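Engineer: Before we start, here is the structure in question, set down as structure tokens.
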Amino acid sequence: MESCPSVKNIILLDSEGQRVAVKYYSDDWPTNSAKEAFEKSIFTKTQKTNARTEAEIAMFENHIVVYKFVQDLHFFVTGAEDENELILATVLQGFFDSVDLLLRGTVDKKEALENLDLILLCLDEIVDGGIILETDANVIVGKVASHSIDSGAPLSEQTISQALATAREHLTRSLLK
Amino acid sequence: MAQPLVKKDDDRDDEADYSPFLGIEKGAVLQEARVFNDPQLDPRRCSQVITKLLYLLNQGETFTKVEATEVFFSVTKLFQSRDIGLRRMVYVMIKELSPSADEVIIVTSSLMKDMTSKTDMYRANAIRVLCRITDGTLLTQIERYLKQAIVDKNPVVASAALVSGIHLLQTNPEIVKRWSNEVQEAVQSRAALVQFHALALLHQIRQNDRLAVNKLVTSLTRGSVRSPLAQCLLIRYTSQVIRESANNTQTGDRPFYDFLEGCLRHKAEMVIFEAARAITELNGVTSRELTPAITVLQLFLSSSKPVLRFAAVRTLNKVAMTHPMAVTNCNIDMESLISDQNRSIATLAITTLLKTGNESSVDRLMKQITNFMSDIADEFKIVVVEAIRSLCLKFPLKHRSLMNFLSNILREEGGFEYKKAIVDSIVILIRDIPEAKESGLLHLCEFIEDCEFTYLSTQILHFLGIEGPKTSDPSKYIRYIYNRVHLENATVRAGAVSTLAKFGAMVDALKPRIFVLLRRCLFDNDDEVRDRATLYLNTLGGDGAVVETGEDVKEFLFGSLDIPLVNLENSLKNYELSEESFDIDSVPKEVKTQPLAEKKAPGKKPTGLSAPPTGPPSTVDAYERLLSSIPEFANFGKLFKSSAPVELTEAETEYAVNVVKHIFDGHVVFQFNCTNTIPEQLLENVTVIVDASEAEEFAEVATKPLRSLPYDSPGQTFVAFEKPEGVSAVGKFSNMLRFIVKEVDPSTGEAEEDGVEDEYQLEDLEVVAADYMLKVGVSNFRNAWESMGADCERVDEYGLGPRDSLAEAVNAVINLLGMQPCEVSIQCLFFFGIYAVDMDMHFTFTFLTALHWTVKYHVVNCFFTAIPV
């Protein structure tokens, strides 16, 4: 195997197997019904397992799936059959921890749906077209949750604290140069 | 909070059902999206609407072309807002909408502005979005910025550009390849993930340049790669380099092995595992090389993380297929995994144990498996059944407990595939282990008493008809078979009638009783069942007289049809109803399809019921049938052995020819399998001119030319030689392919009238001693060896040359002797073979370094042990 490690999909389901957020990066499931069938199959087959303390793993239709559950949320990450299982587990852990940080510890379906924008941004920051972008939860959250005003905006539009933050950023930038 | 007090349970129910997207509707959300056009943008509200749109898409909702375009245009308006959170959502939305080329132009300028913005987050995301939706022409415009971004100080920006480069390489390779200087610089980056992405892109740019990849790997394995992911990549590239260089270097240390071994001590588990797996997958890996990898995998087996355990046991399972001895150290850890909560891990552990276990541990293992079988899925069960089958073939003495296990699980619930796997296994065991036959047949009989699968019932009935009459007490099967006639559907009933008739034909004592049963079948309500019963009664003489069944009747009823079914089918299709009756002799017997095709499929599993029920694998059967259908060779007697095909041409030449050597008692037949790889040519009258001047004991007796050889459809031509009977004559033959070549018009496919005679030089072929040796497995080598006595024993020493590993030495001996390795252990190799001719053994092998061989032989059997000194 010479290819780059890749992720085929990241799936977040609720306790009934309904989608909360999903992202597919490969053509293995061309239609929505194929995707739903896959989700149903992994959901039913993993339902009985206890994946609450440690991430669990299984094989489905020649794919490796690593998964972890918390409250009423089921996290899945899928990779190719010959993928390094530990890499997939790292991606799963990154996603899981990011969501935990973003939802400030109350990780359940209600909270996840209310902050769906953050979860979608989080997915966008973890994997790009199947290639792993970042797996460190702190970095991912830092990228997702930077809800400040564009630093390029005129100063009049900024509050004092934002202005201070901008100034600090400018300073560190110039120091690093 | 102002709500009136309600019961707590109700409260919780409400909460569980609550969703911000409850009752969401596409039409309404599209209406809401109009807020994007407001002159005074409310970033918060706009973000919410985008989230709703994304939610709909995520749930599988689709937008029509018009809807998508409308949403896209209004989303582009949001670039006016400076709210970072909203901008992020806009980026995601544009990627999800994947706009068409003419729409892309609308956002290009906004995105390009963001790409040069001072805000890192804008730069990184704008690059990713733009590269996702752009086409080649636009790419040349932004190329300059992308090259800059690759070496940007901000790791997020650099990674965004590099990852986009990896994607763009698929569509615009010529542009991305121009960035290799920048990418090279990025490989040295201090940011972990930038290094990973840069390495991935650099390798993809250079993947076709073997030398460059080699250089890349050489330099990086010396330096320090920071990110674990990049290290994993490097391991993959290193094993690729090892694989490609392995062909050139035969001996000496494997290059880069030290690097892989060093990675086993890395602090990241993913790197350790990647390296361990890479080592186990090395071509012809030696036990010395394997040991450190197995050791770390063994540690993983007792990890608290299921993912680690799974990864380790899956890899060890693969290793066990090729190096069972190397894995035995892990057996204790593996046994504790049988009770693992994760059933995938447990299944893998069991099948690994079954592959590596020794005879004494079988019973204990089976006990553990029995408890385990009830709570796993069918797909796992099939894996276990297959592992048990091979275990049973390995330890035939244990057939009783293993066969019991199979029959127990056969009685339990299960789907067709699972049941078929069990039945196939029992059939294979019956065929290969004579002692297991009677109990196995009874298990099958019991199974068909309550079998819901017509296919399995008929297959088992057919098998019973062949094996049942040969047992010591055939009558006990009759009850089971006749029950079918009462209880089953028409297909099974017809099968049962045929099976009954077989018993009648083969066992004279049972004949009167069988006739009674068959006569009852004459009143069946199905045509086929009645027809069969009538046919059998008449041909077997069911009019009352107990007569011995003639050979020809048996042959007519139960002999194998020596005509390929495809040919028969074609002939029947072409047959038109007329005065003349259908003549089965007019059906061509020649096999059109290449019989070797099935041999080429590697790793083919034993086919169980669908394979012929007796004798060695089907290819030998296919050869035998093929040869006996040629009148010139019909009187050569029984085929002793057919060799594996030997290529006589280089790969990718105009004509591909390989040869199969068929050994008969007094003859050798060369079967040349020819393939014409030129579409514009048709070859006719193809023969191989074999010059036997260097093989004195051989005399050519017959040739069978191939009438025509069209493009890409393989054909065979034969040359037969006579050799002194009972002598394993050896010799060397030089060959020339001779044919008439005709031009073919590729458009019409028609060949020209006139052809030209031509010749094509083939490589020489040799008949060697190994061709006369038949590989035969013995179930217990030691017993067989002891039973031969000391006077059969000769001790000799032969050198085998320096060999890297035991496996390689074994292969060398197998190739030279053509014997079956029976047991291979560190101390000894045991071989067994049946020699074709009654004569003293003499070998003409010369080897370089000493290897001590003990040879025992008697007239036709030959045993070997080889003991390295």
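The values are calculated or read from the model by the stated rules, or taken from the named source; none is laboratory data. Note that the structure is a prediction, hence the values are computed from the model and not measured. With ideal geometry, Cβ positions are generated from the backbone for all residues, glycine too; neighbour counts draw on all protein chains shown. Ligands, DNA and RNA are stripped out before the accessible areas are found, and what is left, the full protein with its side chains, is counted by its heavy atoms. Shrake-Rupley method; radii C 1.70, N 1.55, O 1.52, S 1.80 Å.
Engineer: Return the residues of region B:459-493 that are over 15 Å from residue B:447 (Cβ atoms) and in contact with a Gly (Cβ under 7 Å, 6 or more places away or on another chain); say none if nothing qualifies. Give the steps one after another, and end with the answer.
Structural biologist: So the first thing to find is which residues in region B:459-493 are over 15 Å from residue B:447 (Cβ atoms), and the list is B:465-466, B:469-476, B:478, B:482, B:485-486, B:489-491, B:493.
The one that is over 15 Å from residue B:447 (Cβ atoms) and in contact with a Gly (Cβ under 7 Å, 6 or more places away or on another chain): B:474.
Engineer: Moving to a separate point now. For region B:352-359, does any single residue satisfy the condition of being at negative phi and not in a helix (DSSP H, G or I)?
Structural biologist: Yes, because at least one residue in region B:352-359 is at negative phi and not in a helix (DSSP H, G or I).
Engineer: With the structure loaded, tell me whether residue B:466 is assigned by the TED database to the domain that holds residue B:536, in contact (Cβ under 8 Å) with a residue 60 or more places away in the chain and within 28 Å of residue B:525 (Cα to Cα) or whether it fails that test.
Structural biologist: Considered against the rule, which asks whether it is assigned by the TED database to the domain that holds residue B:536, in contact (Cβ under 8 Å) with a residue 60 or more places away in the chain and within 28 Å of residue B:525 (Cα to Cα), residue B:466 comes out as yes.
Engineer: Looking at residue A:121, is it away from chain B (no Cβ under 12 Å) and crowded, with 19+ Cβ neighbours inside 10 Å?
Structural biologist: no
Yes/no per residue for (1) in a helix (DSSP H, G or I); (2) within 58 Å of the chain's Cα centre (by Cα); (3) farther than 18 Å from residue B:93 by Cβ; (4) at pLDDT 50 or above:
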{"site": "B:1", "(1), (2), (3), (4)": "no, no, yes, no"}
{"site": "B:4", "(1), (2), (3), (4)": "no, no, yes, no"}
{"site": "B:9", "(1), (2), (3), (4)": "yes, yes, yes, no"}
{"site": "B:14", "(1), (2), (3), (4)": "yes, yes, yes, no"}
{"site": "B:22", "(1), (2), (3), (4)": "no, yes, yes, yes"}
{"site": "B:32", "(1), (2), (3), (4)": "yes, yes, no, yes"}
{"site": "B:39", "(1), (2), (3), (4)": "no, no, yes, yes"}
{"site": "B:46", "(1), (2), (3), (4)": "yes, yes, no, yes"}
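Engineer: Is it fair to say residue B:700 is more than 15 Å from residue B:760 (Cβ to Cβ), in the same structural domain as residue B:741 (by the TED database), open to solvent by 10 Å² or more (accessible area, probe 1.4 Å) and among the charged types (D, E, K, R)? Even if it seems obvious, please write down each step before you answer.
Structural biologist: Working: more than 15 Å from residue B:760 (Cβ to Cβ): yes; in the same structural domain as residue B:741 (by the TED database): yes; open to solvent by 10 Å² or more (accessible area, probe 1.4 Å): yes; among the charged types (D, E, K, R): yes.
For residue B:700, the condition - more than 15 Å from residue B:760 (Cβ to Cβ), in the same structural domain as residue B:741 (by the TED database), open to solvent by 10 Å² or more (accessible area, probe 1.4 Å) and among the charged types (D, E, K, R) - is met.
Engineer: Of all residues being at pLDDT 80 or above and part of a loop (DSSP other than H, G, I, E, B) in region B:640-653, which is surrounded by the fewest Cβ atoms within 10 Å (Cβ to Cβ)? Just the residue, please.
Structural biologist: Result: B:650.
Engineer: Residues of region B:55-98 being in contact with a strand residue (DSSP E or B) (Cβ under 9 Å, 6 or more places away or on another chain), of a type outside the set (Gly, Ala, Ser) and closer than 23 Å to residue B:20 by Cβ, which ones?
Structural biologist: Applying the first criterion (in contact with a strand residue (DSSP E or B) (Cβ under 9 Å, 6 or more places away or on another chain)) to region B:55-98 yields B:55, B:58-60, B:82-84.
Add one more test, that the residue is of a type outside the set (Gly, Ala, Ser), and what stays is B:55, B:58-59, B:82-84.
If the condition is that a residue be in contact with a strand residue (DSSP E or B) (Cβ under 9 Å, 6 or more places away or on another chain), of a type outside the set (Gly, Ala, Ser) and closer than 23 Å to residue B:20 by Cβ, then B:55, B:58, B:59, B:83, B:84 are the ones that fit.
Engineer: When you scan region A:94-109, do you find a residue that is more than 11 Å from chain B (Cβ to nearest Cβ), open to solvent by 20 Å² or more (accessible area, probe 1.4 Å) and under 10 Å from the mean Cα position of the chain (by Cα), even just one?
Structural biologist: So far as region A:94-109 goes, yes, one or more of its residues are more than 11 Å from chain B (Cβ to nearest Cβ), open to solvent by 20 Å² or more (accessible area, probe 1.4 Å) and under 10 Å from the mean Cα position of the chain (by Cα).
Engineer: So, one more: In this structure, is residue B:330 open to solvent by less than 30 Å² (accessible area, probe 1.4 Å), part of a helix (DSSP H, G or I) and touching a residue at least 40 places away in the same chain (Cβ under 8 Å)? Step through it out loud before you land on a result.
Structural biologist: Details: open to solvent by less than 30 Å² (accessible area, probe 1.4 Å): yes; part of a helix (DSSP H, G or I): yes; touching a residue at least 40 places away in the same chain (Cβ under 8 Å): no.
No, not satisfied.
Engineer: If you don't mind, another one. Having 1 or more residues that are closer than 19 Å to residue A:139 by Cα is the bar; report the helices (runs of 4 or more DSSP H) wholly within region B:82-133 that clear it.
Structural biologist: B:84-97, B:120-133
Engineer: Which one of these is more than 14 Å from chain A (Cβ to nearest Cβ) and either in contact with a strand residue (DSSP E or B) (Cβ under 8 Å, 6 or more places away or on another chain) or under 25 Å from residue B:307 (Cα atoms) (or both): B:348, B:365, B:393?
Structural biologist: Values: B:348 fails: more than 14 Å from chain A (Cβ to nearest Cβ); B:393 fails: either in contact with a strand residue (DSSP E or B) (Cβ under 8 Å, 6 or more places away or on another chain) or under 25 Å from residue B:307 (Cα atoms) (or both).
The unique qualifying residue is B:365.
Engineer: Among the residues that make up region B:370-380, is at least one of them open to solvent by 10 Å² or more (accessible area, probe 1.4 Å), out of contact with any strand residue (DSSP E or B) (no Cβ under 8 Å at 6 or more places or on another chain) and of a type in the set (Gly, Ala, Ser)?
Structural biologist: Taking every residue of region B:370-380 in turn, at least one turns out to be open to solvent by 10 Å² or more (accessible area, probe 1.4 Å), out of contact with any strand residue (DSSP E or B) (no Cβ under 8 Å at 6 or more places or on another chain) and of a type in the set (Gly, Ala, Ser).
Engineer: While we're here: Identify the residue in region B:107-126 that is in contact with a Gly (Cβ under 9 Å, 6 or more places away or on another chain) and not small (Gly, Ala, Ser) and, among all such residues, is farthest from the other protein chains (Cβ to nearest Cβ). Steps first, answer last, please.
Structural biologist: Within region B:107-126, the first condition is being in contact with a Gly (Cβ under 9 Å, 6 or more places away or on another chain), and the residues that meet it are B:117-119, B:122.
If we keep only those that are not small (Gly, Ala, Ser) as well, we get B:118-119, B:122.
Details: B:118: 6, B:119: 6, B:122: 8 Å.
Checked region B:107-126; the qualifying residue farthest from the other protein chains (Cβ to nearest Cβ) is B:122.
Condition check ((1) away from chain A (no Cβ under 13 Å); (2) in a helix (DSSP H, G or I); (3) buried (at least 23 other Cβ atoms within 10 Å of the Cβ)) across all residues:
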site: B:221; (1), (2), (3): yes, yes, no
site: B:238; (1), (2), (3): no, yes, yes
site: B:262; (1), (2), (3): yes, yes, no
site: B:274; (1), (2), (3): no, yes, yes
site: B:283; (1), (2), (3): yes, no, no
site: B:293; (1), (2), (3): yes, yes, yes
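Engineer: Which of the strands (runs of 3 or more DSSP E) found entirely inside region A:23-93 contain at least 1 residues meeting this: facing chain B (nearest Cβ under 9 Å) and at pLDDT below 90? If you could, list the steps in order and put the result at the bottom.
Structural biologist: Values: elements: A:56-60, A:63-70, A:73-80.
Here the list reads A:56-60.
Engineer: While we're here: Which one of these is surrounded by fewer than 22 Cβ atoms within 10 Å (Cβ to Cβ) and under 24 Å from residue B:95 (Cβ atoms): B:113, B:153? Steps first, answer last, please.
Structural biologist: Values: B:153 fails: under 24 Å from residue B:95 (Cβ atoms).
So the residue among B:113, B:153 that is surrounded by fewer than 22 Cβ atoms within 10 Å (Cβ to Cβ) and under 24 Å from residue B:95 (Cβ atoms) is B:113.
Engineer: Also: For residue B:67, only one of the following conditions fails: (1) at pLDDT below 85; (2) in a helix (DSSP H, G or I); (3) of a type outside the set (A, V, I, L, M, F, W, C); (4) in contact with a helix residue (DSSP H, G or I) (Cβ under 8 Å, 6 or more places away or on another chain). What is its number?
Structural biologist: (1)
Engineer: Here is a follow-up. In region B:24-62, what count of residues is obtained for those that are within 13 Å of chain A (Cβ to nearest Cβ) and open to solvent by less than 80 Å² (accessible area, probe 1.4 Å)?
Structural biologist: Going residue by residue through region B:24-62, those that are within 13 Å of chain A (Cβ to nearest Cβ) are B:24, B:43-62.
After this cut, where a residue has to be open to solvent by less than 80 Å² (accessible area, probe 1.4 Å) as well, the list is B:24, B:43, B:46-47, B:49-61.
Selection size over region B:24-62: 17.
Engineer: Given the conditions (1) open to solvent by 10 Å² or more (accessible area, probe 1.4 Å); (2) under 31 Å from the mean Cα position of the chain (by Cα); (3) modelled with pLDDT of 85 or more, which single one is not true for residue B:451?
Structural biologist: (3)
Residues are listed down the side, and each one gets a yes or a no for (1) assigned by the TED database to the domain that holds residue B:518; (2) assigned to a helix (DSSP H, G or I); (3) open to solvent by 20 Å² or more (accessible area, probe 1.4 Å); (4) at pLDDT 85 or above:
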{"position": "B:431", "(1), (2), (3), (4)": "no, yes, yes, no"}
{"position": "B:460", "(1), (2), (3), (4)": "yes, yes, no, yes"}
{"position": "B:477", "(1), (2), (3), (4)": "yes, yes, no, yes"}
{"position": "B:482", "(1), (2), (3), (4)": "yes, yes, yes, yes"}
{"position": "B:486", "(1), (2), (3), (4)": "yes, yes, yes, no"}
{"position": "B:492", "(1), (2), (3), (4)": "yes, yes, no, yes"}
{"position": "B:497", "(1), (2), (3), (4)": "yes, yes, no, yes"}
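Engineer: If you don't mind, there's one more thing I want to ask. Tell me whether region B:733-756 contains one or more residues that are touching a helix residue (DSSP H, G or I) at 6+ places or on another chain (Cβ under 7 Å) and within 27 Å of residue B:773 (Cβ to Cβ).
Structural biologist: Step one: of region B:733-756, the residues touching a helix residue (DSSP H, G or I) at 6+ places or on another chain (Cβ under 7 Å) are none.
Checking region B:733-756: not a single residue is touching a helix residue (DSSP H, G or I) at 6+ places or on another chain (Cβ under 7 Å) and within 27 Å of residue B:773 (Cβ to Cβ).
Engineer: Can residue B:175 be described as under 21 Å from residue A:135 (Cβ atoms) and of a type outside the set (Lys, Arg)? Please lay out each step first, then the result.
Structural biologist: Working: under 21 Å from residue A:135 (Cβ atoms): no; of a type outside the set (Lys, Arg): yes.
When the stated conditions are applied, residue B:175 does not pass them.
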